[in-house]
Amino acid sequence: MGSKNSKTKEIEKQIEIEQEQEKENAKKLKFLISGIRGSGKSTVFKTFDMEYCLSKKEENIEIIRNLSLSILTDFAENENIQFKNEENQEIYKKLIETREINPEKISKLWKSEEMQSIYQKKPDILDPSSIYLLNEIERIFQPNYSPTKEDVLRYYQKTVGINVYEKKIQNFPIVIRDIWSRGERRKWMRYFENMDVIIHCVDLSCYYQNSYADESINKMQESIELFDEIINYQWFSETPFILVFTKLDLFLKNLEKNNFHHYFPDYNGKKGKNEPNEIKEYIEKRFISLNQNQERKIQIHYVNLLEEYDSNKLWNEILITGIERKFGKEASNLYKFSIYGVIFDLINFLKKQELCDKIYKTNDSQEIGIHSLFIEQRIGNEQMKK
Ligand SMILES: Nc1nc2c(ncn2[C@@H]2O[C@H](COP(=O)(O)OP(=O)(O)OP(=O)(O)O)[C@@H](O)[C@H]2O)c(=O)[nH]1
Ligand SMILES: [Mg+2]
């Protein structure tokens with residue numbers, strides 16, 4: 001209880017500071033990422049961070065190592081594992097007592113008969129992110145370890161309160177807030193009324209799981225309720241919403257094992273009980289029907305955030321929507337960074353790279369967007385090489 005109150009106080013304090021900076025903030029393009037626990041909010045940010053080369057992957061080494069170790073030791077402890085093999089028991093003991101870490105030896109623990117047989121019997125005991133880290137644990141603890149993109153996107157570290165990311169991209173100030181709170185949401189959500197776009201994440205694959213916070217609630221139902229609350233707050237009545245259904249890859253896998261109709265009995269697919277497109281349509285309708293402002297369109301995206309193509313396309317749309325909201329249609333048509341003159345650098349660069357034709361031949365602004373994102377990253381990389 002005490003920690004809940006102190007978290008709320010922390011959030012309130014952060015909001016107060018931000019309000020003081022409001023004048024300055026008015027010039028910035030502001031995005032809010034919302035959604036229930038584990039819905040992919042921080043991963044959406046990570047994809048942005050990677051696309052624009054904002055932080056170094058090496059910054060994640062400690063987090064990834066600590067997470068991997070605690071997943072391994074918590075698993076052994078919770079399942080009360082006694083390793084039959086003496087060497088394994090010794091490795092485990094040393095790991096717990098002295099944190100002595102040897103990559104090959106740690107990996108042996110995970111591959112041990114005891115751990116593997118428990119995992120085979122109860123595969124849902126570990127989430128996909130934990131399994132990924134355990135399978136990679138030997139590489140993760142090598143002295144020259146450098147995290148891959150996949151390592152960074154896959155690890156799961158719960159966000160507490162609000163994560164604020166403030167970045168400048170080509171002189172273009174952007175603020176992204178990634179929030180989660182069950183607590184006094186209503187009390188402080190109104191401070192976000194000046195957001196340019198709200199990106200709401202929904203884990204599409206969670207339809208058969210129960211909420212972390214309340215075991216009696218289905219996670220998809222929890223997501224629907226949160227969306228209902230957020231989209232209909234009076235402070236956001238004019239704010240563009242982008243509804244992002246994440247974990248499309250896991251959704252397709254889960255459908256093979258978990259019948260959707262069983263969890264949502266009012267769903268009756270014409271083409272079959274587990275037809276992915278019909279289910280997506282059903283879920284989409286459940287969300288969209290909650291929007292009480294019919295004038296406002298909600299953009300929908302289905303993504304596998306581990307796929308670069310999906311996340312590029314998503315951010316492209318988010319930026320276009322944000323720019324249109326803040327600077328008008330003309331600006332968004334000119335496409336994001338062109339309004340700051342960077343388009344000329346792009347054109348010169350493209351001419352050099354003989355990529356210009358590709359850009360001018362297409363009339364589809366979305367396609368241009370995807371290319372531009374790609375090209376901008378290339379420019380960044382080129383400049384870094386110099
Ligand atoms: N396979 C797959 N995994 C995903 C996808 N999107 C997110 N994840 C994983 O889902 C887990 C949770 O993602 P996060 O972005 O940390 O979730 P969050 O909404 O920030 O969670 P909280 O901070 O606890 O509220 C991570 O392990 C991600 O790698 C996806 O599209 N496909
Ligand atoms: Mg998070």
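All of the numbers you see were taken from the coordinates with simple rules; none came from a lab. Everything numeric in this text was worked out from a predicted model, so none of it was measured. All Cβ positions, even for glycine, are placed from backbone atoms using ideal geometry, and neighbour counts span all protein chains on display.
A few comments on the model shown:
- Pairwise label distance in nanometres, residue 57 with residue 281, each label 7 Å out on the Cα-Cβ vector: 4.1 nm
- In this structure the amide hydrogen of residue 35, modeled in the peptide plane, comes within under 5 Å of the amide hydrogens of 201, none closer than 5 places in sequence on its chain.
- Sparse-neighbourhood loop sites, GluC sites (Glu not before Pro) in region 185-266 - DSSP loop, at most 11 other Cβ within 10 angstrom: 215, 238
- Extension gain, residue 263 back to residue 144 (0.36 nm per residue minus Cα-Cα distance, nm): 38.2 nm
- With θ taken as phi - 60° and the Karplus curve 6.51 cos²θ - 1.76 cosθ + 1.60 applied, the whole-hertz 3J(HN,Hα) list for region 117-124 is 6, 5, 4, 5, 6, 10, x, 7 Hz, x standing for glycine and proline.
- Integer Hz, Karplus 6.51/-1.76/1.60 couplings in order for region 284-292, x for Gly and Pro: 4, 4, 4, 6, 4, 5, 7, 6, 7
- Using the Cβ-Cβ distance between residue 252 and residue 125 with R0 = 22 Å, the FRET efficiency computed as 1/(1 + (r/R0)^6) comes to roughly 0.50.
- Based on the convex hull around the alpha carbon atoms, region 59-154 presents an average projected area of 5.9 nm².
- The trypsin sites (Lys or Arg not before Pro) found in region 213-287 that occupy coil by DSSP, while having at most 13 further C-beta atoms within 10 Å, are 270, 271.
- For region 233-249, putting each phi into the Karplus relation 6.51 cos²θ - 1.76 cosθ + 1.60 with θ = phi - 60° gives couplings of 5, 4, 5, 10, 4, 9, 6, x, 10, 10, 9, 10, 8, 8, 6, 4, 4 Hz, in residue order, rounded to whole numbers and with x for Gly and Pro.
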